[in-house]
Amino acid sequence: MQTERQTRQEQIDRQLGRAGWAFGSRRLITEFLVPMPSGIREPGAGERRTVEFADYALLDRLGRPLAIVEAKRSSRDPLEGERQAADYAEAIRQKSGSDPFVFLANGNEIWFWHRKLYPPRKVSGFFTEDDLLRLAHLDRFGTPLAGQMPSTRIIDRSYQIEAVKTIAEGIEQARRRFLMVLATGTGKTRVAVALIELLQRRERIQRVLFLADRRELVKQALGAFKEHLPGAPRAWIEGGTIDRDAQIHFATYPGMMSLYQQLSPGYYDLIVADESHRSIYSRYKSILDHFDAITLGLTATPTDFLDHNTFDLFDCRDDSPSFYYGYDEAVRDRCLVPYRPVHVARTTFQVEGLQPGDLPEEVKQQVREQGIDPDQFSFEGSDLERCVTNSGTNDAIVREFMDNAIKDAVGTLPAKSIIFAVSHKHALEIYKSFNRLYPDLQRRGLARVIDSQMERADKTLDDFKNRGFPRVAISVDMLDTGIDVPPIRNLVFAKPVFSKVKFWQMLGRGTRPWTDPLNGLKKEDFLVIDHWDNFDYFQVNKDGSAASVSEPLPTRLFRLRLEKLQILAGRSETEPVSFTRKQLQDLVGTLPLENINVAPHADEIRALATTEAPWRELTDERVTHLSQTIAPLLRFSVAGSYAELQFENQTEQLALAHLRADAGEVQRLRVNISENLALLPTEIPEVRAHLAALTATRSDAFWAKLSFTGIMELQQTFAPLMRFRNRRPPGTMVRLSLPDAIQRRHWILFGPSGEGAFAETYRAQVEALVKDLAGDNPALQRLKKGQELTPDDYAAIAAALEGPDLFITEDRLREAYGQPRASLVDFLRHILKVSMLPSREETIASAFDDWVREHPRLSATQLMFIRTVRKAVLQKARVSSLDALRKPPFSAIGDPATLFPEAELNELFALVDAIAA
């Protein structure tokens, strides 16, 4: 067994030497004398112990201790010297006024202790003098982050501000690892830039490393930092060189792997790891382990698709990211665009393959010419472009694309598009199909192959991004992730995808908003043509709305039933309350107690599953605990099949809508539930036994007399049968015979004698009149050209519009268009396509973003509450009272009266009322 002296000589001295602290140097003092003030001497030591000796002291150029090292022999845990080192550091602080950093070492492990900010943490090596001097500077001049607003010059959307504040507040709480999940196109890089700007402005960091998995992503990140943080010295680490004068380094993961050991563990203050998922954990984790830095992982991958190790890597509890803003929410907020219903197209070869007896004589001859016996020739459809290529299949893919692609503003050529090919050879075969089928368009450069094997691929990619041609990029891997081309309107999956992470990254190529400069129209959606049933493979909705993937079905079911129990308990309905408690108990009872994640909660789960006491007192604190601690565990549940859980979720939503008397939501859920029931095969005995009940659900009478008991019977009867549900064939239309009627049409009164029209009819008449007048009205012609109008021009236009036909006034246009704040000129510019009026969603988003910017001291929790209010307003919920904000989903975040001062609450209600006006 080594002694402490042997451990120091054979291991710790060498480790210090690697960090520049050479043995025998004046900067490295062994047995450093520490005068011990009486207040911190070891009890019982008396006056004899007025001085003690630290094992090592690391000094600056003026001989002041930057850090001390407390050493233990290798058989002891280095943390056993924590109190001893703390006494030495405190004694030095009291004598010199500077608080030295602390290292605890035993030859095998090194722990670093920044006493002012963090508990001891394990590091990969000792820090250099430069590292410690920089940390001491930040320690001295750093200022708090709480209540600080990120730069609205860099980010301006409320969810981006909330994201930065969430990370900043976590840093203030001594956390050092974070995972931020932001849907592709919502500004991950800009959020990272804003965070870095805030941390540097408050002198909490200096050196930053930004990592990405490909050169193109590094190039994009460099551009974003150059635009939004131009004063920060930056450099790209590649080719084996490191610019040590730069504050912000950029590198690819592979590029950094060969260089990171040249830098000390304390070299960086912050590392941003872009696209942080499984590959980082498995291949590049050593980079993050080497450096002792605050680490921010960025990814667009939905949380259900992230590997558990990714959450561990970033210290995320309960497999929940530090901040999440997903695709569905971004689409709802109009920050991203949705995809149209997916166009599924598979060829005969893909579906059936080829067998020897299927080959026509001319094909047999082609096979013989390639030295293959046609009688032995057999391929499955999945072999396509791997073992066999077929020009007819590629021709069919190209024709399908040209026939169905969203076209450009002119309407003759496809808008910007990506075709994802299986391989480089496959990409070339598709390119040849374009040449063969559309030679006239190929002369203009319609389609080009862009992948790493093509010469000057970067130049072709720049043309694809910034020029009119090429319109179609045929790519293998190079364009699958991280490429930002907002005009893309078509994505063609001409290859099967087996990675969920990669699938969502590929889909993200089309989600970015964009305004066509030719006609001023905003991109509303994009088209996906799927030749390999990738959407079915990943069970992603093909109806143009991505499924919610952030919450497992059992977790969602638990929270729905908990919300239902809250409502029922408030109404003192004994039997429904007991029934719902039993539902929750049964659901909790499906948790496997031996699971490593469930086991720490085993006692509570047993009580929840077997007794009623834990369910009786549903205080806000209790509900929050159940929703945030117990509900996430349900992802480990064995509660049922996907189809069964989906139906249970739908019927629980129906029960909540019924309890709230929300007729519109009941009607919407009726369609979804009826669709699922229609897929049950009535010819099998299990379903035939309930044929009468199934038939009843199709009648208006069933839905007219809907009751809580009836809904629960519907769930209990048919949820277990959903495992027999037929799978709807791709492209099959669900046909329902449900009564329907126009629910609401707005009537506009405009004439002095009561003349009127429906709003949409009145708008069409107004627009036709304005366009007609613009032909010979000088004022309207100037407006159309974007010129400023005089008061006389306004008067002339108003007089022309207030004629005896439509009696057009500013107030009447506000009513017809539902735009209470727009002016007469705004409407005219909209009609003449000079500038378009914002949609309702855009108006709401802009109003809330402005409100957030006007209140820069909001915390991350307050911002989360505001985001939830905005979501409710978008869904036209009534949230203009304190009682409304104390109900779910707001109650899960906190009591508004506690979160906000009364003045801010009143301002918030005024904002909501103004939007609703």
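The values are calculated or read from the model by the stated rules, or taken from the named source; none is laboratory data. Predicted, not measured: the structure shown is a model, and the values here were computed from it. Virtual Cβ from ideal backbone geometry, glycine too; neighbours counted across all protein chains shown. Calculation scope for accessible area: heavy atoms of the full protein, side chains included, ligands and nucleic acids excluded. Shrake-Rupley method; radii C 1.70, N 1.55, O 1.52, S 1.80 Å.
The figures follow:
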{"quantity": "Heavy-atom accessible surface of the range 227-297: percent carbon and sulfur, 1.4 Å", "calculated": "44 percent"}
{"quantity": "Nearest-20 debye value, the chain charge dipole, Cβ charges on Lys, Arg, Asp, Glu", "calculated": "1160 debye"}
{"quantity": "Residue 675-residue 906 FRET efficiency (beta carbon distance; Förster radius 60 Å; 0.05 resolution)", "calculated": "0.85"}
{"quantity": "Identified option (computed Rg/Rh (Cα atoms, Kirkwood Rh); candidates [x] 1.01; [y] 0.97; [z] 1.04)", "calculated": "[x]"}
{"quantity": "Burial order of peptide ranges 605-618, 426-439 (average beta-carbon count within 10 Å, highest first)", "calculated": "426-439, 605-618"}
{"quantity": "Accessible surface, the chain, averaged per residue in Å² (probe 1.4 Å)", "calculated": "47 Å²"}
{"quantity": "Calculated from backbone phi, Karplus (6.51, -1.76, 1.60) coupling profile of the range 29-34 in Hz, x at Gly/Pro", "calculated": "10, 8, 6, 6, 6, 10"}
{"quantity": "Long-range amide H partners of residue 755 with built H, under 5 Å", "calculated": "750"}
{"quantity": "R0 of 56 Å, Cβ-Cβ distance residue 519-residue 642: FRET efficiency to nearest 0.05", "calculated": "0.85"}
{"quantity": "Placed amide H near residue 271: partners under 5 Å, 5+ positions off or other chain", "calculated": "209, 294, 295, 296"}
{"quantity": "Residue 124/residue 622 FRET efficiency (R0 41 Å; Cβ-Cβ; nearest 0.05)", "calculated": "0.40"}
{"quantity": "Karplus-derived 3J(HN,Hα), 6.51/-1.76/1.60, for each residue of the range 177-185, Hz, glycine and proline x", "calculated": "10, 9, 10, 10, 10, 10, 4, 3, x"}
{"quantity": "In Hz, Karplus ³J(HN,Hα) per residue of the range 793-803 (6.51, -1.76, 1.60; θ = phi - 60°; x = Gly, Pro)", "calculated": "4, 4, 5, 5, 5, 4, 5, 5, 7, 7, x"}
{"quantity": "For residue 340, distant residues with modelled amide H under 5 Å away", "calculated": "526, 527, 528"}
{"quantity": "Of 416/465; 407/522; 219/285; 500/522; 425/495; 122/285, those spanning more than 20 Å from alpha-carbon to alpha-carbon", "calculated": "219/285; 500/522"}
{"quantity": "The range 139-166-the range 465-532 distance, computed between alpha-carbon centres (Å)", "calculated": "32 Å"}
{"quantity": "Distance histogram in 5 Å bins (all Cα pairs of the range 551-636, percent per bin)", "calculated": "3, 15, 27, 28, 17, 7, 2, 0"}
{"quantity": "Angle in degrees between helix 663-678 and the longest Cα principal axis of the chain, rounded to the nearest 10", "calculated": "80 degrees"}
{"quantity": "Candidate aspartates and glutamates - alpha carbon under 12 Å from residue 564, same-chain residues fewer than 8 apart omitted", "calculated": "573, 652"}
{"quantity": "Residue-level accessible surface for residue 236, protein heavy atoms, 1.4 Å, Å²", "calculated": "70 Å²"}
{"quantity": "Nearest-ten-degree value, helix 840-853 long axis tilted from longest Cα axis of the chain", "calculated": "20 degrees"}
{"quantity": "Rel. contact order, % - alpha carbon contacts under 8 angstrom, at least six apart, the chain", "calculated": "9 percent"}
{"quantity": "Projected area, mean over directions - the range 840-916, Cα convex hull, nm²", "calculated": "4.5 nm²"}
{"quantity": "Stretch gain in nm, segment residue 759-residue 175, where the contour uses 0.36 nm per residue and the Cα spacing is subtracted", "calculated": "204.7 nm"}
{"quantity": "Nearest-ten-degree value, helix 188-201 long axis tilted from longest Cα axis of the chain", "calculated": "40 degrees"}
{"quantity": "Sulfur and carbon atoms: percent of accessible area, the range 747-832 [1.4 Å]", "calculated": "51 percent"}
{"quantity": "Carbon/sulfur fraction of accessible area - the range 840-916, other protein chains in place, 1.4 Å, %", "calculated": "51 percent"}
{"quantity": "Dipole magnitude of the range 4-141 about its Cα centre (Cβ charges: Lys, Arg +1; Asp, Glu -1), debye to nearest 20", "calculated": "200 debye"}
{"quantity": "Given charges at Cβ of Lys, Arg, Asp, Glu: the range 122-248 dipole, positive-most of 209, 239, 137", "calculated": "209"}
